[in-house]
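Asks: Handing you a structure now.
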Amino acid sequence: MLALVLLALFCVSAESVQPRSSSYNGEYGGGGGERFSHSGNQLDGPITAIRIRVNRYYIVGLQVRYGKEWSNYVGGSQGDLEEIFLYPGESIIQVSGKYKYYVRKLVFVTDKGRYLPFGKDTGTSFNAAPLYPNTVLRFFSGRSGSLINAIGLHWDVYPSECSSC
């Protein structure tokens, strides 16, 4: 019994020493598609640009630049490709959107007050933000095929060192 009490006290004190910073929102969208994750890409640096392919109804594809390296493209090839670049040191602090079977709209809000919308304004709404203060969007995950079926958003602290950014 004493061992359990000591273990509980150690866990509480260890948590206060190392505050939590990572959180997750999603998946937003429908079923189907192949799983993708940019978890390894975040090691290249913070998100610095996003390419999104859209058609009349859906978000078709996604590619993200982490530091100076682009992730693999996920999704289909139909539709118009749009691209945004973040300012140096700028981060995404909120993502909202709409979905119904597939992702239909994504809106990125940055810590510099920019509002960057892609897609069509129909479907079920979602609004995602980090759970912990001073954290930003670090990488995407989800499912895709000929469209983006679903999207997940992963938040954590901005990387302290990024020589390639």
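Asks: Which one of these is touching a strand residue (DSSP E or B) at 6+ places or on another chain (Cβ under 6 Å), closer than 18 Å to TYR58 by Cα, hydrophobic (A, V, I, L, M, F, W, C) and surrounded by 18 or more Cβ atoms within 10 Å (Cβ to Cβ): LEU137, LEU116, LEU147, LEU86?
Replies: That would be LEU147, the only listed residue that is touching a strand residue (DSSP E or B) at 6+ places or on another chain (Cβ under 6 Å), closer than 18 Å to TYR58 by Cα, hydrophobic (A, V, I, L, M, F, W, C) and surrounded by 18 or more Cβ atoms within 10 Å (Cβ to Cβ).
Asks: Pick from GLN78, GLN63: which is assigned to a loop (DSSP other than H, G, I, E, B), modelled with pLDDT of 95 or more and either over 18 Å from LEU106 (Cα atoms) or not aliphatic (A, V, I, L, M) (or both)?
Replies: Exactly one residue qualifies, and that residue is GLN78.
Asks: If you check LEU86, LEU131, LEU62, which single one turns out to be more than 14 Å from GLY26 (Cβ to Cβ) and among the hydrophobic types (A, V, I, L, M, F, W, C)?
Replies: After ruling out the rest, the residue left standing is LEU86.
Asks: Okay, moving on. Taking region 115-163, which residues are over 15 Å from the mean Cα position of the chain (by Cα) and charged (D, E, K, R)?
Replies: LYS120, ASP121, GLU161
Asks: So which pairs qualify, if the first residue must be in region 92-115 and free of Cβ contacts under 8 Å to residues at least 12 places away in the same chain and more than 16 Å from SER144 (Cβ to Cβ), the second must be surrounded by 15 or more Cβ atoms within 10 Å (Cβ to Cβ) and among the aliphatic types (A, V, I, L, M), the Cβ gap must be under 8 Å, and the two must be at least 6 apart or on different chains?
Replies: So the pair list comes out as TYR115/VAL107; TYR115/VAL109.
The values are calculated or read from the model by the stated rules, or taken from the named source; none is laboratory data. Everything numeric in this text was worked out from a predicted model, so none of it was measured. Cβ coordinates were reconstructed from backbone atoms using ideal geometry, including for glycine residues, and neighbour counts include every protein chain displayed.
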